[in-house]
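See structure below.
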Amino acid sequence: TKVFAVPAEASAAQLTAYRDAWKVRGIEIVAMQALLFGRPELTVFGAPQVRDATLRHLAAMARIGGQLGAHTLVFGSPRNRSVAGLPLSEVAPRAIEFFRAAGQAAAPHGVALCIEPVPRAFGGDFVLSAREALALVRDVDHPGFGLHLDAAALTSGDEPPAAAVERCAPAIRHFHASEPGLVLLGEGGVDHRQLGRCLRAIGYRGTVSVEMLHDPARDPLEGLRRALGVLLDCYG
């Protein structure tokens, strides 16, 4: 929405122009996130018509991602996937049905919708851990649906980060180098050096992207330089 007021209405020509504007600067778009930003009415476990609308929106995001050259759509959005009030017996079947349909919509565009574990400390109540995310990916069993891991979430989870990475090795499609609160990379207490070693040990060849917020009290370019320094030092 920072680029297109209504992203789903962006034309192929507009998307190509945006992709090329970054490409000439040596930057390739590899992933998208905040897929449901500003759309609280779209939910995974809502009424059938709500779920259908959510799937249509995600299909539009997949089209955009594919045309921008991305390979991953990171699905965090804890409020949009809340299971509050839903009988426990209905959660797994409905989740599998929804995410398989989402994967089927994403795959033709050359992208995968990747579930991100969101622990309770970050507002989640469904797929809280890497273990649960891996189980969902296996149950959905579709090439258009995969697993995304986040450094801050792993550090805040119920399993040692190294064990979680090793457990999920075959399924990891994308990884966020991040800190709790999305502070400047390297300043939030996450052991990125250990996580980098873990990813290399499992033979991970996917993308590691930095996820952080700009601190208005700091020079943005200096923040980027410091974050990239941590990224290259720990994950390069």
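The values are calculated or read from the model by the stated rules, or taken from the named source; none is laboratory data. Everything numeric here is computed off the predicted structure, so don't read it as measured data. Note that each Cβ is placed from the backbone with ideal geometry, even for glycine, and that neighbours are counted across all protein chains shown.
From (1) free of Cβ contacts under 8 Å to residues at least 24 places away in the same chain; (2) of a type in the set (A, V, I, L, M, F, W, C); (3) within 24 Å of ARG167 (Cβ to Cβ), pick out the condition that doesn't hold for ALA217.
Of everything listed in (1) free of Cβ contacts under 8 Å to residues at least 24 places away in the same chain; (2) of a type in the set (A, V, I, L, M, F, W, C); (3) within 24 Å of ARG167 (Cβ to Cβ), ALA217 misses just condition (3).
From ALA84, ALA107, grab the single residue that is more than 19 Å from ALA135 (Cβ to Cβ), surrounded by fewer than 20 Cβ atoms within 10 Å (Cβ to Cβ), more than 17 Å from the chain's Cα centre (by Cα) and small (Gly, Ala, Ser).
Working: ALA107 fails: more than 17 Å from the chain's Cα centre (by Cα).
Answer to the selection: ALA84.
Report yes if some residue within segment 211-219 is of a type outside the set (Asp, Glu) and part of a helix (DSSP H, G or I); otherwise report no.
no
Hey, can you tell me all the residues within segment 74-110 that are in contact (Cβ under 8 Å) with a residue 60 or more places away in the chain and either over 16 Å from LEU154 (Cα atoms) or touching a Leu at 6+ places or on another chain (Cβ under 6 Å) (or both)?
PHE75
Being on the phi < 0 side of the Ramachandran plot and either surrounded by 15 or more Cβ atoms within 10 Å (Cβ to Cβ) or touching a helix residue (DSSP H, G or I) at 6+ places or on another chain (Cβ under 7 Å) (or both): is that true of ALA164 here?
Numbers: on the phi < 0 side of the Ramachandran plot: yes; either surrounded by 15 or more Cβ atoms within 10 Å (Cβ to Cβ) or touching a helix residue (DSSP H, G or I) at 6+ places or on another chain (Cβ under 7 Å) (or both): yes.
Spelling it out, ALA164 is indeed on the phi < 0 side of the Ramachandran plot and either surrounded by 15 or more Cβ atoms within 10 Å (Cβ to Cβ) or touching a helix residue (DSSP H, G or I) at 6+ places or on another chain (Cβ under 7 Å) (or both).
Filtering segment 1-57 down to residues that are of a type in the set (Asp, Glu) and under 16 Å from GLN67 (Cβ atoms), which residue is surrounded by the fewest Cβ atoms within 10 Å (Cβ to Cβ)?
Among those that are of a type in the set (Asp, Glu) and under 16 Å from GLN67 (Cβ atoms), it is GLU9.
Using the structure shown, decide if ARG100 is more than 26 Å from PHE122 (Cα to Cα) and either within 19 Å of the chain's Cα centre (by Cα) or of a type in the set (A, V, I, L, M, F, W, C) (or both).
Working: more than 26 Å from PHE122 (Cα to Cα): no; either within 19 Å of the chain's Cα centre (by Cα) or of a type in the set (A, V, I, L, M, F, W, C) (or both): yes.
Taking the combined requirement at face value, the residue does not satisfy it.
Is it the case that some residue within segment 130-138 is farther than 18 Å from ILE115 by Cα, of a type outside the set (D, E, K, R) and modelled with pLDDT of 95 or more? Full working, then the answer.
First, pick out the residues of segment 130-138 that are farther than 18 Å from ILE115 by Cα: none.
No, segment 130-138 has no match at all.
If you take the residues of segment 110-127 that are in a helix (DSSP H, G or I) and not charged (D, E, K, R), which of them is surrounded by the fewest Cβ atoms within 10 Å (Cβ to Cβ)?
Taking segment 110-127 as the starting set, the residues that turn out to be in a helix (DSSP H, G or I) are 120-122.
From what is left, the residues that are not charged (D, E, K, R) are 121-122.
On the way: ALA121: 12, PHE122: 18.
For segment 110-127, the residue satisfying everything is ALA121.
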